[in-house]
1. Need one number: nm distance between label points at Thr137 and Ser48, each 7 Å from Cα along Cα→Cβ, rounded to one decimal.
2. Whole number please: convex hull volume per residue of the Cα set in region 36-95, in Å³?
Amino acid sequence: MNKSVFALAGLLSTLAVPAVAFSATISALTPADPIEVGDQTQVNLRISGLGDFTAPTLGGFDLRVSYDDSVVSLTDVSFSTWLGGPDPSFPPEWDDTAAGSGSLYEVSLESTEFLDNLQPDAFLLATLYFEGVAQGTSDIDFSNVFLIGADAFASEIAVDELNPGSITVVPLPAAAWLFGSAVIGLAGIGWRRKAV
């Protein structure tokens, strides 16, 4: 009878303790200052809210990034090494099948213990490189975010918050146009003098 009471008490105590749900935040760290048409800039995609060199750690992610391709042009994508670095047989990828958006995904082939020892509570997932192509503001937004934990069950990590960003592109200053015109004019005068 004592065994039954202890078993029932143990069962009730596990039901009374709520399960710990882990969640993370995804942020787009965008430049604070506007860029000019033709200038390059970068956007860092950051995850936070994980364990600090302990579980929960990230084992993989898949998310869609969108931007206004009439304002900025995506020129390159680089992935961080916080998932253990790319394995040649299963590298991280950027899939840009649609204009103005694409999917970033990466899955780690490292062990849970390795990732627990590697990852801090916040780190970069990837860096997106953009060039300003026209005056305006482009939001950098996320959708279809899926995070996989590095545990043995590949548990899903909930997304607590998404923090999109934006890139503002401004035209070249009028002084630059005037200076450029003056240089072209002086070059033309020099060319005429040589011809005479």
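1. Modelled inter-label distance: 2.2 nm.
2. Dividing the Cα hull volume of region 36-95 by its residues yields 130 Å³.
No lab work stands behind these numbers, since they all come straight from the coordinates. Just so you know, these numbers come straight off a predicted model, no measurement behind them. A quick note on method: Cβ atoms are made from the backbone with ideal geometry, for glycine too, and the neighbour counts reach across all protein chains shown.
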